[in-house]
Amino acid sequence: MTPSPRPSTAADEVAALTSDLIRIDTTNTGDPATLAGERVAAEYVAEKLAEVGFEPHYVESGPGRGNVVARLAGADPGRGALLVHGHLDVVPADPAEWSVHPFSGEIRDGYVWGRGAIDMKHMVAMTLAVARQFKRDGTVPPRDIVLAFLADEEAGGFHGARWLVNHRPDLFDGVTEAVSEVGGFSLTLADGVRAYLVETAQKGIMWLRLKVRGTAGHGSMVHTDNAVAKLAAAVARLDAHRFPIVLTGATREFLEGVAELTGVPFDPDDPETAVARLGSVARLIGATLRDTANVTMFNAGYKTNVVPSLAEATVDGRMLPGREAAFEKTLAEVLGPDIEMDWDQLPPVETTFDGRLVDAMTSAISAEDPGARLLPYMLSAGTDAKSFQLLGIRNFGFAPLRLPPELDFTSLFHGVDERVPVEGLEFGTRVLSRFLLGS
Ligand SMILES: [Zn+2]
């Protein structure tokens with residue numbers, strides 16, 4: 001067997017690694033029966049690391065639920081380690097809707113196409129490419145770097161990050177800070193004016209189950225205590241309710257930064273107008289101005305002529321940092337006393353945009369894109385950062401990527417024709433390498 005030629009830099013192999021990872025279908029619907037290739041992807045990652053001399057830990061949380069963790073020793077063992085993590089699973093994709101097959105990993109028109117190209121096999125590939133180059137070159141980073149490639153993020157991480165945090169915290173010994181997805185991407189605000197958004201906060205999650213009881217009976221009778229009607233009215237009230245606008249630290253800092261960069265002033269009393277000017281990221285930022293509570297499932301009844309005694313619904317609630325108690329109280333008030341509620345809750349994530357790690361992000365971006373500015377922002381969704389927070393780790397979204405101004409980046413997440421520009425990937429790989437060396 002002839003060995004493949006050694007790539008000269010990480011950027012040279014990042015597109016091929018992304019493409020390889022996309023070709024491994026790691027669809028995660030949340031139902032273990034439909035689980036696809038998480039194990040194959042984890043084995044691929046472990047092999048790519050072992051090939052250059054890493055000693056990766058392959059850890060299964062359950063059948064097929066592969067996770068890989070490796071460590072690169074840094075120059076100063078007295079400093080806390082930096083965790084770089086990425087998930088290997090993806091959400092489903094229907095080939096009939098796509099321009100290219102979602103699991104082809106095809107490279108066409110300057111893009112790598114396929115499910116996971118943005119969420120988040122690109123970052124997995126960039127991390128692998130940089131780690132492999134460091135190992136080949138004998139590069140010693142300033143502090144320990146822990147690399148984690150994880151299962152199950154798309155279904156809450158209970159067989160990935162959360163499982164490792166609960167069962168193998170030893171793998172993250174000494175980790176004080178972490179970087180991962182949904183941050184580090186560029187946003188073009190005007191001709192040649194680029195900002196890179198670094199995620200410093202995430203809204204909290206409250207997944208509610210609602211229940212209403214009523215009087216059962218024949219569908220032909222007069223009913224004044226109908227569980228289905230009571231629940232329908234309650235969720236309609238919730239849908240109509242608008243939670244107050246609250247400008248939290250990250251969102252305020254972000255909008256102030258945009259105002260400075262564009263010269264268009266920002267009125268703190270009217271952030272919605274400022275958000276509406278943001279183009280493709282308006283929806284992303286708009287969802288962080290207030291709490292939200294969307295009804296997502298409704299289940300009641302079993303026969304046309306029977307009024308059932310029970311109706312149930314689920315609500316996906318997301319609250320801003322500091323709003324946990326107020327959110328819970330408002331839900332109870334809006335839904336009313338008839339509604340029984342119970343829920344699963346994951347707290348908000350929040351850190352400040354400062355310190356040596358942020359300086360390293362800034363220098364790395366500035367070196368590759370002079371004049372660009374980094375801005376913190378809050379993510380309305382949740383990531384594996386929610387699990388790592390339980391270990392006291394400070395979390396950032398920083399998966400550097402330069403994007404062409406016309407690309408509607410946020411619509412690619414879980415979207416049709418998900419793709420990542422090859423040039424952006426190569427740029428991101430160079431930035432990631434500089435960042436890790438400066439961290
Ligand atoms: Zn993701």
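The values are calculated or read from the model by the stated rules, or taken from the named source; none is laboratory data. A quick note: this is a predicted structure, and the numbers were derived from the prediction, not measured. Every residue, glycine among them, receives a Cβ derived from its backbone with ideal geometry; neighbour counts consider all protein chains shown.
The requirement of being out of contact with any Pro (no Cβ under 7 Å at 6 or more places or on another chain) and within 16 Å of the ligand (Cβ to nearest atom) is fulfilled nowhere in region 96-109; no residue meets it.
Taking the conditions exactly as written (away from the ligand (no atom under 16 Å from the Cβ), assigned to a loop (DSSP other than H, G, I, E, B), among the hydroxyl-bearing types (Ser, Thr, Tyr) and touching a helix residue (DSSP H, G or I) at 6+ places or on another chain (Cβ under 8 Å)), does residue 352 satisfy them or not? Yes, satisfied.
With respect to (1) modelled with pLDDT of 95 or more; (2) outside any helix (DSSP H, G or I), the lone exception for residue 136 is condition (2).
Quick check: is even one residue across region 322-338 of a type in the set (Asp, Glu), crowded, with 20+ Cβ neighbours inside 10 Å and at pLDDT 95 or above? It would help to see each step written out before you state the result.
Initial filter on region 322-338 (of a type in the set (Asp, Glu)): 324, 328, 333, 338.
Remaining after also requiring crowded, with 20+ Cβ neighbours inside 10 Å: none.
Among the residues of region 322-338, not one is of a type in the set (Asp, Glu), crowded, with 20+ Cβ neighbours inside 10 Å and at pLDDT 95 or above, which makes the answer no.
So residue 402 clears everything in (1) over 18 Å from residue 192 (Cα atoms); (2) at pLDDT 95 or above; (3) charged (D, E, K, R); (4) away from the ligand (no atom under 16 Å from the Cβ) except one condition, right? Which one? Here residue 402 clears every test but (1).
Residue-by-condition table, conditions (1) surrounded by fewer than 19 Cβ atoms within 10 Å (Cβ to Cβ); (2) modelled with pLDDT under 95; (3) of a type in the set (A, V, I, L, M); (4) part of a helix (DSSP H, G or I):
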position	(1), (2), (3), (4)
143	no, no, no, no
146	no, no, yes, no
164	no, no, yes, yes
183	no, no, no, no
189	no, yes, yes, no
196	no, no, no, no
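Note on region 114-165: residues that are closer than 21 Å to residue 22 by Cα, more than 14 Å from the ligand (Cβ to nearest atom) and among the basic types (Lys, Arg) total 1.
Looking at 148, 190, 178, which one is in contact with a helix residue (DSSP H, G or I) (Cβ under 8 Å, 6 or more places away or on another chain), among the small types (Gly, Ala, Ser) and under 21 Å from residue 350 (Cα atoms)?
Sole residue among the options that is in contact with a helix residue (DSSP H, G or I) (Cβ under 8 Å, 6 or more places away or on another chain), among the small types (Gly, Ala, Ser) and under 21 Å from residue 350 (Cα atoms): 178.
What residue, among those in region 383-393 that are buried (at least 20 other Cβ atoms within 10 Å of the Cβ) and outside any loop (DSSP other than H, G, I, E, B), is farthest from the ligand (Cβ to nearest atom)? Before the answer, list the steps.
We begin by selecting, within region 383-393, every residue buried (at least 20 other Cβ atoms within 10 Å of the Cβ); these are 383-389, 393.
Now drop any that are not outside any loop (DSSP other than H, G, I, E, B), which leaves 385-389.
Numbers: 385: 11, 386: 12, 387: 13, 388: 14, 389: 16 Å.
Ranking the candidates gives 389 first.
Within region 405-438, if we keep just the residues that are within 16 Å of the ligand (Cβ to nearest atom) and of a type in the set (Ser, Thr, Tyr), the residue that is surrounded by the most Cβ atoms within 10 Å (Cβ to Cβ) turns out to be 410. When each of 39, 71 is tested for being in contact with a Lys or Arg (Cβ under 9 Å, 6 or more places away or on another chain), basic (Lys, Arg) and either outside any loop (DSSP other than H, G, I, E, B) or at pLDDT 95 or above (or both), the lone residue that passes is 39.
Collect the residues in region 73-93 that are farther than 17 Å from residue 123 by Cβ and in contact (Cβ under 8 Å) with a residue 40 or more places away in the chain, keeping them in residue-number order.
We begin by selecting, within region 73-93, every residue farther than 17 Å from residue 123 by Cβ; these are 73-81, 92-93.
If the condition is that a residue be farther than 17 Å from residue 123 by Cβ and in contact (Cβ under 8 Å) with a residue 40 or more places away in the chain, then 73, 74, 75, 76, 77, 79, 80, 81, 92, 93 are the ones that fit.
Please work out if residue 92 is surrounded by 24 or more Cβ atoms within 10 Å (Cβ to Cβ), in a loop (DSSP other than H, G, I, E, B), at negative phi and within 16 Å of the ligand (Cβ to nearest atom).
Values: surrounded by 24 or more Cβ atoms within 10 Å (Cβ to Cβ): no; in a loop (DSSP other than H, G, I, E, B): yes; at negative phi: yes; within 16 Å of the ligand (Cβ to nearest atom): yes.
Criteria not met by residue 92.
Out of all the residues in region 166-181, which are within 16 Å of the ligand (Cβ to nearest atom) and in a loop (DSSP other than H, G, I, E, B)? Within region 166-181, 181 is the sole residue that qualifies.
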